[in-house]
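For reference, the structure discussed in these notes is given below.
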Amino acid sequence: MGNTESYWWYITVEGPADHGDVMVSLADLAGSIGSESSEKEDRLMVRAFFRSTHDLGFWTKRVNESLEPWECLQIFDTGKIENQKWHTAWKDAFPPLPVGDSLVVLAPWHKGSEPEDRIPLYIYPGSAFGTGYHESTQSALVLLERHIKRASSVADIGAGSGILSIAALKLGAGNVRARDIEPAVRSEFDQNLKINGISTSRAEFETGDLLKGFEGPVDLLLANIVVDPLLSMLPDIPSVLVPGGRAILSGMIEKERDRFMENLDTSLLEVKEEIITGEWWAVILELR
């Protein structure tokens, strides 16, 4: 976000007072650039702020999608807030964040402050999902760090900001095929490649709906999205992996694990590792 934006949208989510961390995480998942909380009796209000580069309907739809598994949470109100001092204060919401054993996520204005023993992932916080500060993204990064093989071919489905593509390439992948259903994220994807010093020739971006029309095979598939799209593409994953290839799937809350496992064909895909970060569950599968 820059100073050219004269206002931001806000969406307030209401829920039980003990669901504060969940509400903030869900706002982040929907693309919020920041939030503030207030309590009213036994209820908590989390007001999340969104960039004006999209209309309010776009953000409301994304928030509703993230709230869908949580019946106790609902949108309380929406509106517009004028740009005052937020254009400088919002940058403090994205400090360097160590992830796993070797990575650190940080906004580009923090270049030079990264630990010398960690691989920097510079991500400009924008409207595309994937700043690295959400627990589901962190889970995907941890699994990627543990399981990627050098010179491997990678598919990043629902690429958003490109953080997983960038991490894969910096961890030794040979090339990435990134895909997202929203063509508008392409500019942010390319911008993040550039600030990480990665050529677009190593990360091919295409607009596409999950794995429809995707031609493999690849060594590793990445997808940090929500449970319904993951379940939708689950039957197609074996056909785009090499024998012994793997898929890292994230973006599901822990209570959605059983639903996912019920839809998993274990004769084709074997669970290699599961991790939980906060409320969020991620898994890596291997093609038998």
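The values are calculated or read from the model by the stated rules, or taken from the named source; none is laboratory data. Please read these numbers as outputs of a predicted model, since none were measured by experiment. No Cβ is skipped: glycine too gets one built from the backbone with ideal geometry, and neighbour counts run over all protein chains shown.
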message = Condition (residue is closer than 21 Å to Asp28 by Cα, in contact with a strand residue (DSSP E or B) (Cβ under 8 Å, 6 or more places away or on another chain) and small (Gly, Ala, Ser)) applied to the stretch 168-177: is it met by at least one residue?
response = no
message = Can you list residue pairs whose Cβ atoms sit under 6 Å apart, with the first residue in the stretch 137-148 being within 13 Å of Ala247 (Cα to Cα) and the second being of a type in the set (A, V, I, L, M, F, W, C) and part of a loop (DSSP other than H, G, I, E, B)? Count only pairs 6 or more apart in sequence or on different chains.
response = Ile148/Leu171
ask   = So which residues in the stretch 45-66 are surrounded by 21 or more Cβ atoms within 10 Å (Cβ to Cβ) and aliphatic (A, V, I, L, M), if there are any at all?
value = Val46, Ala48, Val63
remark   = Filtering helices (runs of 4 or more DSSP H) wholly in the stretch 1-104 for at least 3 residues that are modelled with pLDDT of 85 or more and not assigned by TED's automatic domain parsing to the domain that holds Val142 gives 20-30, 56-67
query = Just checking, how many residues over the stretch 22-40 are touching a strand residue (DSSP E or B) at 6+ places or on another chain (Cβ under 6 Å) and in contact (Cβ under 8 Å) with a residue 60 or more places away in the chain?
reply = 1
task = Give Ser127, Ser139 a once-over and let me know the one that is of a type outside the set (A, V, I, L, M), under 29 Å from Tyr10 (Cβ atoms), in contact with a Ser or Thr (Cβ under 7 Å, 6 or more places away or on another chain) and at pLDDT 90 or above.
result = Ser139
key: Subset of the stretch 108-118 that is within 19 Å of Phe189 (Cα to Cα) and in contact with a strand residue (DSSP E or B) (Cβ under 7 Å, 6 or more places away or on another chain) - its residue that is surrounded by the most Cβ atoms within 10 Å (Cβ to Cβ)   = Pro108
